[in-house]
Amino acid sequence: MRKINKKEPDFYKELIKSNKPEKWNDIQNKTDIRIYMLSEEQNFQCAYTEQRIELETSHTDHYIKQSFILQGLFRPITIFSWENLFTSCNNEFYGAKYKDKHIKTSDYELLINPSYENSDNHFIYSWFGEIIIDESNTKGYNTVKLFNLNDSVLVEQRMVVAFQVKTMHNQFSLVELITIIGKFESMICYLYNQLKDI
């Protein structure tokens, strides 16, 4: 999970202003919203897992669940608050869908919010694909747990990327590696810097 620089696009402001939707489902064409987030904000990576995702394999996630917002528990955040919207993978076992099944309102105080925070201060990546968290690091620990970021599928995928970083780091710059590999950007940065420090 990396910090995502959220900047509400003009087309979205106009969409909300002109259509005056009351519910998220009132928005007819959500595709443009996801395309914008994927291409302009998230580098085609899931906001939470950093897996490579495409339009067809993603959905718009409300970081703070819609049901909590509708209860008025997180004012002034609304269903349409841009900083609360991310594009996520569609997996039931990790990422946004997993989070939505397990989260309670009190959990948000102890989670990394990718609109405002960088996981660099909380996550350490192993060469075996695991995110290592000290249990005293409450935000990091809860984020990994509530998004299930150490699911075996993610760990295996990250291990493959770690091997790519190890074998390619002398041939390419960090920016080139991120572009070539196209996923798990935070881990690539962490491991690449570890190798450069040796």
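The values are calculated or read from the model by the stated rules, or taken from the named source; none is laboratory data. In this text the structure is predicted, and so the values were computed from the model without any measurement. Note that we place each Cβ from the backbone using ideal geometry, even for glycine, and neighbour counts take in every protein chain shown.
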Checklist entry - Can residue 42 be described as crowded, with 20+ Cβ neighbours inside 10 Å and either under 21 Å from residue 123 (Cα atoms) or touching a helix residue (DSSP H, G or I) at 6+ places or on another chain (Cβ under 7 Å) (or both)? => result yes
Checklist entry - So how many residues does segment 98-116 have that are touching a residue at least 24 places away in the same chain (Cβ under 8 Å) and part of a helix (DSSP H, G or I)? => result 8
Next on the checklist: With the structure loaded, tell me whether residue 76 is within 13 Å of residue 143 (Cα to Cα) and part of a loop (DSSP other than H, G, I, E, B) or whether it fails that test.
Outcome noted: no
Checklist entry - What are the residue pairs meeting all of these: first residue in segment 119-144, first residue polar (S, T, N, Q) and buried (at least 16 other Cβ atoms within 10 Å of the Cβ), second residue assigned to a loop (DSSP other than H, G, I, E, B) and at pLDDT 95 or above, Cβ atoms under 6 Å, and 6 or more apart or on different chains? => result 119/112; 142/111; 143/111; 143/112
Checklist entry - If you check 140, 129, which single one turns out to be under 24 Å from residue 191 (Cβ atoms) and in a helix (DSSP H, G or I)? => result 140
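So in segment 165-185, with the set limited to residues that are of a type in the set (S, T, N, Q) and closer than 23 Å to residue 118 by Cβ, which one is nearest to the chain's Cα centre (by Cα)?
Filtering segment 165-185 down to residues of a type in the set (S, T, N, Q) leaves 167, 170-171, 173, 179.
So of that shortlist, the ones also closer than 23 Å to residue 118 by Cβ come out as 173, 179.
Working: 173: 24, 179: 17 Å.
Here the answer is 179.
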Next on the checklist: For segment 20-53, give me each residue that is over 21 Å from residue 69 (Cα atoms), part of a helix (DSSP H, G or I) and free of Cβ contacts under 8 Å to residues at least 24 places away in the same chain.
Outcome noted: 32, 35, 39
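Considering only residues of segment 6-19 that are in a helix (DSSP H, G or I) and touching a residue at least 12 places away in the same chain (Cβ under 8 Å), which is nearest to residue 114 (Cα to Cα)? Write out each step before concluding.
Filtering segment 6-19 down to residues in a helix (DSSP H, G or I) leaves 10-19.
When the remaining residues are screened for being touching a residue at least 12 places away in the same chain (Cβ under 8 Å), the result is 11-12, 15-16.
Details: 11: 22, 12: 20, 15: 24, 16: 23 Å.
Across segment 6-19, the extreme among qualifying residues is 12.
Return yes or no: is residue 172 in a loop (DSSP other than H, G, I, E, B), exposed (fewer than 15 other Cβ atoms within 10 Å of the Cβ) and touching a helix residue (DSSP H, G or I) at 6+ places or on another chain (Cβ under 9 Å)? Show your work before the answer.
On the way: in a loop (DSSP other than H, G, I, E, B): yes; exposed (fewer than 15 other Cβ atoms within 10 Å of the Cβ): no; touching a helix residue (DSSP H, G or I) at 6+ places or on another chain (Cβ under 9 Å): yes.
No: the conditions fail for residue 172.
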Next on the checklist: Kindly evaluate residue 60 against the criterion of being surrounded by 13 or more Cβ atoms within 10 Å (Cβ to Cβ), touching a Cys at 6+ places or on another chain (Cβ under 7 Å) and not in a helix (DSSP H, G or I).
Outcome noted: no
Checklist outcome for this item: Note on residue 82: of the conditions (1) without any contact (Cβ under 8 Å) to a residue 60 or more places away in the chain; (2) surrounded by 12 or more Cβ atoms within 10 Å (Cβ to Cβ); (3) over 20 Å from residue 52 (Cβ atoms); (4) not acidic (Asp, Glu), unmet is (1)
